[in-house]
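Notes follow the structure.
Where a number appears in this text, it was derived from the coordinates with a stated rule and is not lab data. The model shown is predicted, which means the values in this text are computed figures rather than measured ones. So basically every Cβ, Gly included, is an ideal-geometry build from the backbone, and we count neighbours across all protein chains shown.
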Amino acid sequence: MSTKKKVAFHTLGCKLNFTETSTIARSFLENGYELTDFSKKADFYVINTCSVTDNADKKFKNVLNRAKKSNPNAFNIVVGCYAQLKPKSISKIPGIDLVLGANEKFNVIDYISQLDKANTFVYACDINDVKKYESSYSVDDRTRSFLKVQDGCDYKCTYCTIPNARGISRSDSLENIKINVSEIASKDIKEIILTGVNIGDYGKGEFGNKRHETTFLELIKELDLTKNINRFRISSIEPNLLKNDIIDFVASSNLFVPHFHIPLQSGSNKILGLMKRRYRKELYEDRIRYIHSKIRDVCIGVDVIVGFPGETDSDFHETYNFLLNLDISYLHVFSYSERDNTEASNMLNPVPKNIRYERSKMLRSLSEKKRRIFYNSQINRLKPVLFESENKLGYIYGYTDNYVKVRHPWSPKLSNKIVLAMLTDIDNDGFVRIKLSEKKQRMEKKYLYSNSNW
């Protein structure tokens, strides 16, 4: 029987949090601990928190209760954005033993020895002191890895807590990113998703007042030369930072896939102004048009917030119609949530929650229609599909380079492989069915290492 102490992790929130959880978990492994599932009995439970919405705070408490039920005697450790924003409040919750803020979360292992059930320890510095960059990437999924290249944000959107939770914008060095890419590639991972808080701002130095020698464009050009990684994907990037030269490069790239996720937040210039976003909807529309002029079959995802203070029915319908007429592929819809210490939380004319819900429902329905239209446009296209590794009720799932989700009868030969497939139709559950052939599979290598555009 193993005598190693067991530790379990649970991550709330964004993909950036997942990269950091994975990095923290590796530090436990390197120090002789055993990882176990969060649903099982462990000696330590580490919860990496989010505080973007009120719902994230509620989820945290539910997750904590699950840990306490699994092992009432375990030590419960809280890290992440919520831990940085409200460390004292969290420390008063029964069952919490250790709270670590933005500067301390990567050093969890250093605090373990001092824990005792008689005290709750809190370490969270002033956010203005959070200037060091901490590298991280995920390797929990054999197929894909999320690689952090940037952290923090210098933008001051009126609804957002991220600058208060993560500090100023800062970036990893190109040299360190390349080392991380090599480590990821050594694990037979096929795709890397570049992530951060504001990755288009890549290049800002440790103290926020100097720049690395590389810009975001130069970074992706360098990564495009990588060996042993088949795909790179750019995560969410601000429209004002998604310059034409970045789009042009992705259009001709060997490894960067035709997929962008671009936050809009509102299709009303009035609301964009109240949010203190750094663009207007006309710029956003220009970006979408330019992308389509350069990249065939491109997938474009959009973030949008409904129910922001002062958003009238007219403002919402302006957003709805703007999105309806925009050539995009899907939406991520968020209902506005009041956050402490944000400018928006003190604004007049709050939108009732029932109206926020109805507006969110309308946009989610629009998203389904947009996705269906996009999927239909890809039928009878030949695409490279990266399959996942799990057998899920007799099926294997995968994604094309342009983010079409496919479903195929389980075959272990497809696990963690990229194969060419004809997209044939959409099944009753909204997944795309595919057809493989020996001829198309033989074409795979030629496709993957050329600029061919099927």
Where no second cysteine Cβ lies under 4.7 Å, the cysteines concerned in the chain: Cys14, Cys50, Cys81, Cys125, Cys153, Cys299
The range 259-316 - charge dipole about Cα centre, Lys and Arg +1 at Cβ, Asp and Glu -1, debye rounded to 20: 320
Prolate/oblate/rounded call for the range 257-317, Cα gyration tensor, a/c under 1.5 rounded: prolate
Part-to-part distance (alpha-carbon centres) for the range 83-150 and the range 293-348, which is given in Å: 31
Cα-based shape type of the range 18-86, given that a ≥ b ≥ c are square roots of the gyration tensor eigenvalues and the cut on a/c is 1.5: oblate
Net charge dipole size for the chain [Lys, Arg +1 and Asp, Glu -1 on Cβ; Debye, nearest 20]: 1160
Relative packing of 86-93, 389-396, which averages over residues the other C-beta atoms within 10 Å, highest first: 86-93, 389-396
Segments 64-75, 301-312 sorted - mean Cβ within 10 Å per residue, highest first: 301-312, 64-75
Cα-based convex hull, the range 144-377, per residue volume (Å³, whole number): 129
Mean separation of Cα contacts under 8 Å (6+ apart) over length of the chain, as relative contact order %: 10
Neighbourhood charge, 12 Å Cβ-Cβ cut-off, centred on Ile237 and excluding it, Lys, Arg +1 and Asp, Glu -1: 0
Structure-derived Rg and Dmax of the Cα atoms in Å: which label, when the choices are (1) 24.3, 79; (2) 20.5, 63; (3) 22.5, 67: (3)
Mean Cβ count within 10 Å, highest first, over the residues of peptides 153-159, 135-141: 135-141, 153-159
Over the chain: helical MRE at 222 nm, DSSP H runs n ≥ 4 each giving -39500 (n - 2.57), nearest 500: -9500 deg cm²/dmol
Those lysines that a straight Cα-Cα span of less than 24 Å connects to Lys221, excepting residues fewer than 8 apart in one chain: Lys15, Lys148, Lys178, Lys187, Lys190, Lys204, Lys210, Lys243, Lys294, Lys383, Lys445, Lys446
Rounded if a/c under 1.5, otherwise prolate or oblate - the range 117-238, Cα gyration tensor axes: oblate
Relative contact order computed over the range 6-125 (Cα-Cα under 8 Å; 6+ residues apart), in percent: 23
